[in-house]
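The values are calculated or read from the model by the stated rules, or taken from the named source; none is laboratory data. Note that this is a predicted model, so its numbers are computed, not measured. Neighbour counts are summed over all protein chains in view; Cβ atoms, including those assigned to glycine, are modelled from backbone coordinates with ideal geometry. Accessible surface is based on the protein model in full, side chains and every heavy atom, while ligands, DNA and RNA are left aside. Shrake-Rupley method; radii C 1.70, N 1.55, O 1.52, S 1.80 Å.
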Amino acid sequence: MAGRNGLFVPGPTNVPDRVLRSMVVPMEDHRSPKFPKLTLACLAGLKKVFKSETGTPFIFPSSGTGCWEAALTNCLCPGDTVLVARFGQFSHLWVDMCQRLGFEVQVLECEWGEGAPLDRYRHALEADTGRKIKAVLVTHNETATGVTSDVAGIRKSMDSVGHPALLFVDAVSSLGSIDFRMDEWKVDVCVSGSQKGLMLPAGLGLTCVSEKAMQARLETSKQPRCYFDYVDMLNQNKNGYFPYTPALPMLYGLKESLQAIEEEGLENIFKRHHYLAAGMRAAVQEGWGLKVCAKKPEWYSDTVTAVVVPEGIDAAKVIDRAFRRYNLSLGAGLSKVAGKVFRIGHLGDCNELMMLSAIGGAELAMLDCGVKIEPGSGVGAAQRWWRENEELASGTTGGM
């Protein structure tokens, strides 16, 4: 099909041309005297994105899932209890991993479309008088439902009852797109990946580890580990090397993406994502007259919108029609919301014109599948919102 695929899944996201060009490099000796310059530049840039001065960033050749496993196996002991809320597919998968690795998992079940339940976290921690809970897990941005949770609120809940548990945060679809403050929120391990806000292909697991979590690894953790051992990585990274062969082109891409982020400025990037997301929600709610999966405005995600299709419409058919007929990639509904929603990603390297193409393509596919909307209604609503709120558009220049 002529033209580029309209890639609007919430990851992998569009990779800027400058980042793609930076990755076209010959292979080199990753043990050479000059290689540490690349490694150390990437690690220093990541600390800025994590907003951490005291944490230690690591770059694993994996997805974010690998960093989940690294957090659990480096900082905990076999049979430890963890507390986690399940309110979407990715929080569910983290629960599943904990169970498969042999941890005792205390699950706070929530309706999909809700955010992390702050009061229930606090009550569970308050009731844990024996301090059996060793780690609190929360997904910052639940990609399956388009929900962002209050990580700072989780930390306040922990501190209000004086609980010493470690705080692990999945920021896979929020890092570099939605405000995240590792040091200020006293996050112990942040887990992310390369293929979303960092504007890279999939393939790098990016994580940052607090001093408290590193101390747990060194002094108390007895969980078996090998490939994801923080200590192996730390011992090599301090000199600019890796314990195994790194993904060389990806590191060059990461260096370039971090440079692009610094040039735009993190705060401008957060504003741009909020501005674009608000226009997208205007398209869905005001233009199409449909609902989003997130139950309350306080949970609306600035990186992905999950659109609830009308009763009797199969969202999977809308997604299929969009791809086959209009070369548009929309995110599928997962697990409990499969067939009920389709997702539009608006994160990374994107601007108003790119989002209008996603909205227009989604309109075409929905009309073809029998959704009763007015042609152009979503596009018009988004246009109006963006034109009327230009003062909020800091950093919207795309096409890096």
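Do we find that Val105 is over 29 Å from Ala277 (Cβ atoms) and assigned to a strand (DSSP E or B) in this structure?
Details: over 29 Å from Ala277 (Cβ atoms): yes; assigned to a strand (DSSP E or B): yes.
Considered against the rule, which asks whether it is over 29 Å from Ala277 (Cβ atoms) and assigned to a strand (DSSP E or B), Val105 comes out as yes.
Looking at the stretch 47-68, which of its residues are more than 15 Å from the chain's Cα centre (by Cα) and part of a helix (DSSP H, G or I)?
Scanning the stretch 47-68 gives Lys47, Lys48.
Select from the stretch 1-41 the residues that are over 30 Å from Leu234 (Cβ atoms) and touching a strand residue (DSSP E or B) at 6+ places or on another chain (Cβ under 7 Å) and write down the one among them that is surrounded by the most Cβ atoms within 10 Å (Cβ to Cβ).
First pass over the stretch 1-41, keeping only residues over 30 Å from Leu234 (Cβ atoms): 1-10, 14, 16-18, 20-21, 24.
Right, trim to touching a strand residue (DSSP E or B) at 6+ places or on another chain (Cβ under 7 Å) and you get 5-10, 14.
Working: Asn5: 12, Gly6: 19, Leu7: 19, Phe8: 28, Val9: 18, Pro10: 26, Asn14: 22.
Once the filter is applied, the top-ranked residue is Phe8.
Condition check ((1) under 22 Å from Cys208 (Cα atoms); (2) open to solvent by 10 Å² or more (accessible area, probe 1.4 Å); (3) part of a strand (DSSP E or B); (4) free of Cβ contacts under 8 Å to residues at least 60 places away in the same chain) across all residues:
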residue: Ala70; (1), (2), (3), (4): yes, no, no, no
residue: Gly79; (1), (2), (3), (4): no, yes, no, yes
residue: Ser91; (1), (2), (3), (4): yes, no, no, no
residue: Cys98; (1), (2), (3), (4): yes, no, no, yes
residue: Asp119; (1), (2), (3), (4): no, yes, no, yes
residue: Arg122; (1), (2), (3), (4): no, yes, no, yes
residue: Thr129; (1), (2), (3), (4): no, yes, no, yes
residue: Leu137; (1), (2), (3), (4): yes, no, yes, yes
residue: Lys156; (1), (2), (3), (4): yes, yes, no, yes
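Assess whether Val191 counts as being among the aliphatic types (A, V, I, L, M) and not in a loop (DSSP other than H, G, I, E, B). Before you say what the answer is, go through the steps one by one.
Details: among the aliphatic types (A, V, I, L, M): yes; not in a loop (DSSP other than H, G, I, E, B): yes.
Yes; evaluated as a whole, the condition is true for this residue.
Within the bounds of the stretch 203-224, is there any residue that is part of a strand (DSSP E or B), buried (at least 21 other Cβ atoms within 10 Å of the Cβ) and small (Gly, Ala, Ser)?
Yes, because at least one residue in the stretch 203-224 is part of a strand (DSSP E or B), buried (at least 21 other Cβ atoms within 10 Å of the Cβ) and small (Gly, Ala, Ser).
Just name the residue that is nearest to Cys75 (Cα to Cα) out of those in the stretch 42-55 that are open to solvent by 40 Å² or more (accessible area, probe 1.4 Å) and touching a residue at least 24 places away in the same chain (Cβ under 8 Å).
Thr54
Looking at (1) out of contact with any Gly (no Cβ under 7 Å at 6 or more places or on another chain); (2) closer than 20 Å to Ser194 by Cα, find the lone condition where Gly66 falls short.
(1)
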